[in-house]
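The values are calculated or read from the model by the stated rules, or taken from the named source; none is laboratory data. Since we're looking at a predicted model, the values are computed, not measured. FYI the Cβ positions are ideal-geometry reconstructions off the backbone, even for glycines, and counts take in every protein chain you see.
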Amino acid sequence: MSDVRVISSRNCELKPIVTAALENESKIISAGIKRTETRLKYFEVKYKLGSSEFLELYERDEMDENMDSAEWIGEIRIFERLKEKLEMLKDIEIAN
């Protein structure tokens, strides 16, 4: 477990500000996940192949290198990172 201490030179309540910032970041990441899911679905429909199956083939070097495969692998990696970030944000608890 790690913690952070937030200090302000202003005499104001910081918890609502930090809470709102975390909620806003979660919304931004969630929107990114939705956009990425749309792109993944596009490739899955186009190639009639699930992203997990594509990833296995790609990692075994059984997929042709082209612009679509490069974009598809990029979208998979972005999706994984965004999901990880969102889970981290959800785990944050603001203590008094």
Worksheet entry | Out of 6, 18, sole residue that is hydrophobic (A, V, I, L, M, F, W, C), in a helix (DSSP H, G or I) and at pLDDT below 95 | 18
Worksheet entry | Among residues of region 9-40, those that are more than 21 Å from the chain's Cα centre (by Cα) and without any contact (Cβ under 8 Å) to a residue 40 or more places away in the chain, counted | 8
Worksheet item: Can you name the residue in region 41-96 that is within 13 Å of the chain's Cα centre (by Cα) and among the aliphatic types (A, V, I, L, M) and is also farthest from residue 6 (Cα to Cα) among such residues?
Response: 76
Practice prompt. Within region 45-69, track down each residue that is more than 19 Å from residue 80 (Cα to Cα), aliphatic (A, V, I, L, M) and modelled with pLDDT of 95 or more.
Written response: 45, 67
Worksheet entry | Residues within region 82-96 that are among the basic types (Lys, Arg) and surrounded by 12 or more Cβ atoms within 10 Å (Cβ to Cβ), tallied | 2
Item to complete: Return the pairs, sorted by first residue and then second, in which the second residue is of a type in the set (Val, Ile, Thr) and in a helix (DSSP H, G or I), the first residue lies in region 75-94 and is in contact (Cβ under 8 Å) with a residue 60 or more places away in the chain, the beta carbons are less than 9 Å apart, and the residues are 6+ apart or on different chains.
Response: 86/29; 86/33; 89/29; 94/18; 94/19
Discussion item. Please determine whether any residue of region 57-65 is among the basic types (Lys, Arg) and part of a helix (DSSP H, G or I).
Written reply: no
Discussion item. Anything in region 49-61 that is surrounded by 12 or more Cβ atoms within 10 Å (Cβ to Cβ) and polar (S, T, N, Q)? List them, or say none.
Written reply: 51
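Results for (1) over 25 Å from residue 92 (Cα atoms); (2) surrounded by 15 or more Cβ atoms within 10 Å (Cβ to Cβ), shown as yes or no for each residue.
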residue: 3; (1), (2): no, no
residue: 10; (1), (2): no, no
residue: 16; (1), (2): no, no
residue: 25; (1), (2): no, no
residue: 31; (1), (2): no, no
residue: 39; (1), (2): yes, yes
residue: 47; (1), (2): yes, yes
residue: 63; (1), (2): yes, yes
residue: 71; (1), (2): yes, no
